[in-house]
1. At 0.36 nm per residue, minus the direct Cα-Cα distance, what do residue 33 and residue 154 gain on full extension? Give it in nm, one decimal, please.
2. For a bin width of 10 Å, list the pair-distance distribution of the stretch 1-156 built from all Cα-Cα distances, rounded to whole %.
3. To the nearest 20 debye, what is the magnitude of the charge dipole of the chain about its Cα centre, counting +1 on the Cβ of each Lys and Arg and -1 on the Cβ of each Asp and Glu?
4. Could you tell me how far the Cα centroid of the stretch 120-188 sits from the Cα centroid of the stretch 42-74, in Å?
5. Out of all DSSP beta bridges in the stretch 130-296, what portion is antiparallel? Express it as a percent rounded to 5.
6. Can you pull the Kirkwood radius for the stretch 130-296, inverse mean 1/r over Cα pairs, to one decimal in Å?
7. When all protein chains stay in place, what accessible area (Å², nearest 10, 1.4 Å probe) is found for residue 230?
8. Among 150, 213, 42, which residue has its Cα positioned farthest towards the positive end of the charge dipole of the chain, with +1 placed on the Cβ of Lys and Arg, -1 on the Cβ of Asp and Glu, and the dipole taken about the Cα centre?
Amino acid sequence: MNVLGIETSCDETAAAVVTASGEVLSSIVASQLKLHAPYGGIVPEIASRQHLRDLPRTASEAMRRAGMEWRDIQGVAATCGPGLMGALMIGLSWAKAAAWARALPFIGVNHLEGHLAAVELNQAPLPRPFVGLVASGGHTSLYLVAAGQPAHYSLLASTRDDAVGEAFDKVAKLLGLSYPGGPAIERIAGKREPDKIKFPQPRMKDGSLAFSYSGLKTAVRYLVDKARQRGEKIDSAEVAAAFQQAVIKDLIHKSLKAVKQHDARALALTGGVAANRFLRQTLAAEAEKISLPFYCPPIEWCTDNAAMIALAGARRLSLGERSAWDLPAVPNLQL
Ligand code: KG4
Ligand code: ZN
């Protein structure tokens, strides 16, 4: 089964053709990053308008690269949430219309199910149950993915305030760095000593796995404000290194704790923050220490893409699932 996937939940217009076994035949992403960068964050209205412009040619290009005509496609999948309302509606409406016009089955896909499916693109399925950490600009969630048709997802933890990528972006702004903040922080942190400044570890008082980054962000703000009041110059690279270490230690601690608590047989990392080499390498090393299989997809499939949506959709379509033609876009859709 070849499925055309469409993803427009945030600032990437993406289309891909994937088989139900997870083979990626094409994956095209038209990034809007440059359009939003001057605003220091994503402007929803700009995102919607750009999806409208970019989606038809992105989808055609995905079909062309896969060497497919519409007669070779057996289903259409599109993200129906969570995400920006206007942005979601563009992709969802386009995908429904495309499927309807060609009498193809259609399925709406939860963006987070997509991120978790990304770990099995062009890759043998992970042993189940596995713990999946989705770390991006919009999400910081730990899931337990159990065997089943379709797979069974349990949300083990999410963030009580900022998503981890959002925290990187906000701290980067405080340090006067460019958007998106994650890569900027990683770059300046470089090989700087991360222990010169001690930030509090963002742990929950109740010992739960929940994430929270607002305290850490406030600690950085105090440091920057205090230095400014005293007329001192702060060493941004040192602050970035300490902040990055505190966040990554927290992600690793909670992911491994979740694995232990649920006797998981593997650990997967995905989402845009997985682009952080320090996170990927440290998590891989920690997993190796306890002989835990660890997998993180190539970065192009960690960040928002349509191949992951096509695979999650293809799996459901091949089980006979279909979405109603009036399926709505749901900005805060849960998994
Ligand atoms: O998954 P993604 O491309 O978009 C969504 O949020 O859905 O993730 C983007 C987020 C941004 O907040 C960005 O700052 C963060 O991922 N990010 C990073 C790195 N590269 C991107 N965070 C830390 N280190 C990085 N190298
Ligand atoms: Zn995402």
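1. Values: separation 121, 0.36 × 121 = 43.56 nm, distance 3.19 nm.
Computed gain between residue 33 and residue 154 is 40.4 nm.
2. 11, 38, 36, 15, 1
3. Details: 37 positive and 31 negative charges, 133 e Å.
Charge dipole of the chain: 640 debye, to the nearest 20.
4. For the stretch 42-74 versus the stretch 120-188, the Cα centre distance is 25 Å.
5. Values: 11 of 19 bridges.
Among the beta bridges of the stretch 130-296, antiparallel pairing accounts for roughly 60 percent.
6. Working: mean 1/r = 0.0611 Å⁻¹.
Here the Kirkwood hydrodynamic radius works out to 16.4 Å.
7. The accessible area of residue 230 comes to roughly 150 Å².
8. Of the options given, the answer is 213.
The values are calculated or read from the model by the stated rules, or taken from the named source; none is laboratory data. Note that this is a predicted model, so its numbers are computed, not measured. Every residue, glycine among them, receives a Cβ derived from its backbone with ideal geometry; neighbour counts consider all protein chains shown. With ligands, DNA and RNA removed, areas are computed over all heavy atoms of the protein, side chains included. Shrake-Rupley method; radii C 1.70, N 1.55, O 1.52, S 1.80 Å.
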